[in-house]
1. What is the helix-to-structure angle for C:144-157, meaning the angle in degrees between its Cα long axis and the longest Cα principal axis of chain C, kept from 0 to 90 and rounded to the nearest 10?
2. Would you mind computing, in nm to one decimal, how far apart the modelled labels at A:S248 and A:H335 are, each placed 7 Å from Cα along Cα→Cβ?
3. Based on the mean of other Cβ atoms within 10 Å per residue, sort peptides A:97-106, B:28-37, A:349-358 so the most packed one is first.
4. FRET efficiency for A:T325 and A:L10, Cβ-Cβ distance as r, R0 = 56 Å, nearest 0.05?
5. 7 Å from Cα along Cα→Cβ at both C:E116 and B:V73: what's the point-to-point distance in nm?
6. Please work out how much length the chain gains when fully extended from B:Q52 to B:Y162, using 0.36 nm per residue of separation minus the C-alpha to C-alpha distance, in nm with one decimal.
7. At 0.36 nm per residue, minus the direct Cα-Cα distance, what do A:D356 and A:L271 gain on full extension? Give it in nm, one decimal, please.
8. Need one word for the protein assembly as shown: rounded, prolate or oblate. Basis is the Cα gyration tensor (sqrt eigenvalues a ≥ b ≥ c); a/c below 1.5 gives rounded, then a/b vs b/c decides.
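The values are calculated or read from the model by the stated rules, or taken from the named source; none is laboratory data. Model, not experiment: these values are computed from the prediction. Cβ sites come from the backbone with ideal geometry, for glycine too, and all protein chains shown count toward neighbours. Note: accessible area is taken over every heavy atom of the protein model, side chains too, but ligands, DNA and RNA are not part of it. Shrake-Rupley method; radii C 1.70, N 1.55, O 1.52, S 1.80 Å.
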Amino acid sequence: MSSFLQDYTLRMVLGGVLALGIFSGALGSFAVLRRQSLLGDALSHAALPGIVLAFLLSGSRATGVLLLGAAIAGWLGTLAIRAMVRGRLTREDSALGIVLSVFFGLGLVLLTWAQRLPGAGKAGLDKFLFGQAATLVRSDVLLMCAIALPSLLLLVLFWKELKLLTFDAAYARALGLPVERVEALLTLLLVLAIVIGLQTVGVVLMSAMLIAPAAAARQWTDRLSRMVALAALAGALSGAGGVLLSSSAPRWPTGPAIVLCASLLVVASLLFAPHRGILWSWLRFRRNRRRLDEDLVLYHMLQMAQHHAGRLDHPHARRVIQSMTPRADVRPVLHSLEQAGWVRRREGDSWSLTSDGAERALSHRAERERPPS
Amino acid sequence: MQAHLEILAIAAVIAVACALPGTLLVLRRMALLSDAISHSILLGIVLAFFAQGGLDSPLVILGAAASGVLMVVLVEFLVRSRLVREDAAIGLVFPVLFSIAVILVSRHTGSIHLDVDAVLLGELAFAPFDRLEAGGADLGPRGLWIGTGILALNLAFLGLCYKELKLSTFDAGLAAVLGFMPGVLHYGLLSLVSLTCVGAFDAVGSILVVALMIAPPATARLLTERLGLLFALSAALAVAGALLGYGLAVFLDLNIAGSMATVLGLFFALTWLAAPREGWLARRALRRAQTRRLAGDLLVIHLLQHEGSPTERREARVIHMQEHLGWSPEFARGVLADALEEGHVTRMDGLLHLKPEGRQRAEKALVHI
Amino acid sequence: MNTHEIPALQVDDLTVAYRERPVLWDVDLRVPQGVLMAVVGPNGAGKTTLLKSVMGLVKPLAGRIQIHDRPAREQRRITAYVPQRNSVDWDFPTSVLDLVLMGTYGALGWFRRPGEAERERARGALRRVGLEDLEGRQISQLSGGQQQRAFLARALVQEAQIHFMDEPFQGVDATTERTIVELLKELRAAGKTVIVVHHDLQTVADYFDWVTLLNVRLIASGPVAEVFDEERLRLTYGGRLAFAATGGGSVAAQPVFGRLAPDEERKGS
Ligand SMILES: Nc1ncnc2c1ncn2[C@@H]1O[C@H](COP(=O)(O)OP(=O)(O)OP(=O)(O)O)[C@@H](O)[C@H]1O
Ligand SMILES: [Mg+2]
């Protein structure tokens, strides 16, 4: 492990993906809650022409310059989307699709242009397509942190405004909050989160880094603060997991590996998260149905017993009980009723109510037959 | 020259094939599914490649389309679970499928000749070199055949189910009640979108398929309200964009797909700005005229309501218009100038008075309410 | 000067248009302090629009809106707003207490977080609406009536002078309705002004002491006993009302066979 951490490249990559995972997880929570999950996808694609143009204009390949171009293009993308949906006939999904594909196409056009310049090899720019975490150097990681940390600080400072905007923008405005400015801040932070991920996971997969940690975190909590914290943690975990995966096996591209880890977290959360998870809901459903079945069996046993001159402990053959329940096999129900002490097994395969069971059945029947108030 | 013509033919066929189902996607507000599908098909291509050992068999096309449909099914499943919303569900599923595909490709770079760049970006320029041959005879470029086949399928689907698609797009509930099975139509449409993406990605790449599918219908939407015309206009715009984009790319030596997308984007931008009724300029002019006319109505109504009342001296003052109506001085002056010029009001010692024409206008406006 | 001569709300010549046709036309309104006022009118009459204009959520074409003699936008601190319940995403990850705490954000200003004092006030507000046992619940697990009461509690912690509520009785049962009415009357007793969009004409006279009849134009506004009569209601609802005199000068009115929205009427004419 220690030799592992001494590897310079790995240390840099790890630092980079941690900064990215934390930041994009936190910001993605807001995007997902505002139903703008796919805005991230559009904006990351929209960043491409900015990167290339920054290179064409400055002649520099410094990450800072390129990312500045990306941020400006991403910002222009949000303005374009906003202008488009203001009309009556262009819906948000079309606006996102157009910005995504047209900006990206423009980026490709500029890229072919850039490649013709003397001395401008293809390498260096197209790493932004899929991301190449291995190319991260110390200054890149420092830059990522220099963007992520102040942004997170802004997130904390303006926490309650951002929260109110996300939940109830009209009320925020009624309270006198400058909603447009807060919204601009949130969009800016989102663009920045995208920008710092471009070099690591690339244009195409960046949106997953925003959505997956947030979607996973949402399943575990009903509090925004915890959701954002968990999403940041999930982002960091997927980042680290992806880097470990790609460094331990040859030819595992880092970006997709990170996305795969994040998606595994999502699947696990969807399945196993308490209360909301699919497994949990399924168990709850089964428990409820079992309880209904038990009550139904008790009810029928009571009815039948009363036909036998009111002898509540009159035994009934299982076949008879079975015929009165919709369930395919009544045995598990009877066994759990037996464990609860409500029925007793008699000779052969016949069953009778205990006095506790009869009491329960009586009170249930009373409840059933009471007219609704 | 021959090669150029062939490329132009392929581009036009694919443009129409994309624009037709794209129109339905735009109307159904599912535009971004095209992006998700076009990324997801990579997984199908890779898997079918492993199964077949080549990229040439029809199985690859079907496998690829199937993985697009798989994406749709998974999204539907997530949405049904009510644990994530639709936008997030789309954004969760397609990156996974795409990532798996990319990982598979790079793990087996030795055995698979599949350039992920090419999948994303497409290479129309090479299309004429990939030819379909039967019994030694050259039947033309394979891309043209595939594109034409898919176009025919799309046309057939649209032609057969036009009224059903129209209804289920407009009102899925009613369509279900009438027994048109909107769910089946939905999957039918998305299967065709997948197939179209597969056919088109070779030529223009998976991201620019999105441009071909979304931009022309969104543009046409600003130009017509009629469904039939919308399809025709979308197809025409797509073809024009593809051909113009190709010409530009050849002339300036640029990436073909990128240049097509840029041209389509320009089409949209121009239409958005200058469409006769729904364009930004037209809407702004209309809004201004309306505001001015409404303000004129408001002025005469205001005067009418206070005419002869004790508050008239206060309410009919010129300065009052700025104070109470909250109008900027220039705006108030403009409205007043209009009203004076049209002979609806007169001004006397700082007070405004209605003329008979003005009273008529106010009464008419009030009846209109 | 007697503060009660300053109107709580004064609207002059308010005209609002979303599209070409105005939905509010030259509305003048003067509401004194300390009244409990119903805003009544058919669907699409512009009631919500009136509230939204006051709250600065829509931009009027013309007009001036003043609260306590100053422009409404400078009086956000003393204005509370209860929007229609369906205006937010109830799946949002937040608790009932948290929702109520949002009412304190305006007074807190930038950067400050709600502390124990605010929390205590929020709990007090929850007690007043009878939700004290649910403060830790996720908001999606509230019933419709409870959601409405949570919104009310959020307005209460603002400790405003004037409250605007958009259909607070929509979809709540009789018990909740009574709780809310009691609360509104308490607010009035404490000298606050409460302005409520209301749909049930039969309860107007019971619940409110002031009423505004609105249908695109202002039909009437004043004490219930003076302006809430058959003729004005007919004007407001376009004659499709059945009346039953209940004595005491007020009337109970019941709109019959689904009233048309004013724009449908206009199309018909
Ligand atoms: N955002 C909007 N864009 C365009 N028109 C709108 C908008 N909001 C409201 N309208 C129109 O303005 C008119 C008044 O609407 P408003 O919501 O104020 O009515 P309301 O009196 O509150 O009705 P309801 O009783 O149904 O709540 C309606 O005709 C409505 O169609
Ligand atoms: Mg309303």
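1. Relative to chain C, helix C:144-157 is tipped by roughly 70 degrees.
2. Going by the 7 Å Cα→Cβ label model, 4.0 nm.
3. A:97-106, B:28-37, A:349-358
4. It comes to 0.35.
5. That separation, rounded to one decimal, is 5.8 nm.
6. 35.9 nm
7. Numbers: separation 85, 0.36 × 85 = 30.60 nm, distance 3.80 nm.
Residue separation times 0.36 nm, minus the Cα-Cα distance, leaves 26.8 nm.
8. Working: a/c = 1.76, a/b = 1.18, b/c = 1.49.
Taking the square roots of the gyration eigenvalues as a ≥ b ≥ c, the protein assembly as shown is oblate.
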